[in-house]
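A short worksheet on the structure shown next.
The values are calculated or read from the model by the stated rules, or taken from the named source; none is laboratory data. Quick caveat: nothing in here was measured; it's all calculated off a predicted structure. Don't worry about glycine lacking a Cβ; one is built from the backbone with ideal geometry, like all the others, and counts go over all protein chains shown. Surface areas here come from the heavy atoms of the whole protein model, side chains and all, with no ligands, DNA or RNA. Shrake-Rupley method; radii C 1.70, N 1.55, O 1.52, S 1.80 Å.
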Amino acid sequence: MPRLTSASPLLSLPGAVPAEAPDEGVAGHYGDPFREQRALADGTGFVDLSHRGVVTITGEDRLSWLHLLVTQHVSELQPGHATEALVLSAHGHIEHALYLVDDGATTWAHVEPGTQDELVAYLESMKFFYRVEVKDETDAYAVVHLPAGSIAPTPEGVPVRETAHGRDLFLPRPDLAAFAADNGPAAGVLALEALRIEAHRPRLGLETDHRTIPHELGWLGTAVHLEKGCYRGQETVARVHNLGKPPRRLVFLHLDGSEVKLPGHGAPVRLAADGEAGRQLGFVTSSARHHELGPIALALVKRNVPTDAGLLADSTAAAQEVVVEP
């Protein structure tokens, strides 16, 4: 059973409603998910992601060593430059997703809740003679997300990972409550998830299963460097990219807004023309209610599903939008 961090102190904020799996330990929302979405889209507020795992790597060999283990080119990663990387199995299936930044002395990564123990164990097993130290810092640091356009200051000395989607701060856990008091309003993870789904960004454990390869989710563009080798699973990445096509593809779904219930993770996807008795062609990976788009979802479907076909997500009619070309 993966280890989870203790509940966030921000669950004591007014209106806080605890999130469900896989985001237990932080607030799903603070009373008004749509208002919280709009605030994030406008560049205000913050999201408590203190349930996510935090792993650090120090030592003079840290970048050259990590370069050998992950899908991304990180041997020359410049201080302050954020990137994403994957750890694959020997068969090229996705095992871990790391959201990285190096500060010149330490490589910081945040990962999915509860996955840090397994990741650290794998990294420790690969140290050999390299001058590196791997440490699970989840109990000492809390991840806080500031949306793109936020004018909230980064506290002095706090490692920050900045991308087009916003800033992720690695905040000392004892400072979390004070940060919240100075930088509200707080937004829950449901608001951030809706914006993630809108942006077609995959998430480990939701868009992935035990056989997912990076090509299926569009991760080749952000987390995989196609001109580097020497990492576990690289042969599969190169073979599928150069000679074949991935068996499945990620799609974005505009769901029928008249339905009260959202299709949950794992809900079957079928051709609308075949009805609910039709053959399953994929499954819903994530769904949300968006403040502008209405109900939306991501789904993983077979590559040969026509791109213009109407779909059923469980019993809900859905129009698809291509994320990964077939």
For segment 22-96, count all C-alpha to C-alpha pairs, find those more than 19 Å apart, and express that count as a whole percent of the total.
58
Computed FRET value (nearest 0.05) for Ile151 with Asp209, which takes r as the C-beta separation and R₀ as 35 Å:
0.30
Taking Lys and Arg as +1 and Asp and Glu as -1, residues besides Gln37 with C-beta under 12 Å from its C-beta add up to -2
Given charges at beta-carbon only (K, R positive; D, E negative), |dipole| of segment 57-179 in Debye
140
Using a Förster distance of 30 Å, how high is the FRET efficiency between Thr58 and Asp256, based on the Cβ-Cβ distance and rounded to 0.05?
0.05
Amide N of segment 109-127 lying under 18 Å from the label point, which is placed 7 angstrom from the Cα of Leu68 along Cα→Cβ
120-127
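Pairs of alpha-carbon atoms within less than 8 angstrom and 6+ residues apart define the contacts here; what relative contact order does segment 1-121 have, in percent? Numbers along the way, then the final one.
Details: 195 pairs, mean separation 28.8, N = 121.
Answer for segment 1-121 is 24 percent.
What whole-number volume per residue, in cubic angstrom, does the convex hull of the C-alpha atoms of segment 1-54 give?
Dividing the Cα hull volume of segment 1-54 by its residues yields 90 Å³.
Quick check on segment 139-287: take the gyration tensor over C-alpha atoms, sort the square-rooted eigenvalues as a ≥ b ≥ c, and tell me if it's rounded (a/c under 1.5), prolate or oblate.
oblate
Output the peptides 74-86, 152-164, 309-321 sorted from most to least packed, where packing is the average of other Cβ atoms within 10 Å over each peptide's residues. All intermediate terms of the calculation are to be shown ahead of the outcome.
On the way: 74-86: 17.0, 152-164: 14.2, 309-321: 19.2.
Going from most to least packed, we get 309-321, 74-86, 152-164.
Charges at C-beta only: +1 for Lys and Arg, -1 for Asp and Glu. How large is the resulting dipole of the chain about its Cα centre, in Debye rounded to 20? Present the calculation step by step, with values, prior to reporting the outcome.
On the way: 27 positive and 43 negative charges, 168 e Å.
Roughly 800 debye, rounded to the nearest 20.
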Have a look at the chain and give its Rg and Dmax from the Cα atoms, expressed in angstrom.
19.9, 60
For the ranges 21-29, 253-261, what's the packing order if you count other beta-carbon atoms within 10 Å of each residue, average per peptide, and put the highest first?
21-29, 253-261
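Between Asp308 and Asp42, what is the FRET efficiency for a Förster distance of 25 Å, r being their Cβ-Cβ separation, to the nearest 0.05? Walk me through the numbers on the way to the answer.
On the way: r = 34 Å, r/R0 = 1.37.
My answer for the efficiency is 0.15.
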State the answer as a single residue: which of Phe128, Gly149, Gly282 lies farthest towards the positive end of the charge dipole of the chain, with beta carbon charges of +1 for Lys and Arg and -1 for Asp and Glu, about the Cα centre.
Gly282
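In debye, nearest 20: dipole of segment 198-326 around its Cα centre with unit charges on the Cβ of K, R (+) and D, E (-)? Display every interim value, and only then the final one.
Details: 15 positive and 15 negative charges, 111 e Å.
So the magnitude is around 540 debye.
Determine the calculated [θ] at 222 nm for the chain from helices alone, applying -39500 (n - 2.57) to every DSSP H run no shorter than 4 residues and normalising by the residue count; nearest 500 deg cm²/dmol.
Working: 6 runs with 52 residues, N = 326.
Taking each H run of at least 4 residues, the total per residue is -4500 deg cm²/dmol.
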Could you tell me how far the Cα centroid of segment 12-57 sits from the Cα centroid of segment 296-326, in Å?
28
Please report, as a whole percent, how much of the solvent-accessible surface of the chain comes from carbon and sulfur atoms (probe radius 1.4 Å).
53
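So what is the accessible area of the chain per residue, in Å², with the probe set to 1.4 Å?
Numbers: 14410 Å² over 326 residues.
Accessible area per residue: 44 Å².
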I'd like the distance between the alpha-carbon centres of segment 230-286 and segment 100-147, rounded to an integer number of Å.
30
If each K or R counts +1 and each D or E counts -1, the residues other than Gly229 whose Cβ falls under 15 Å of its Cβ total +1
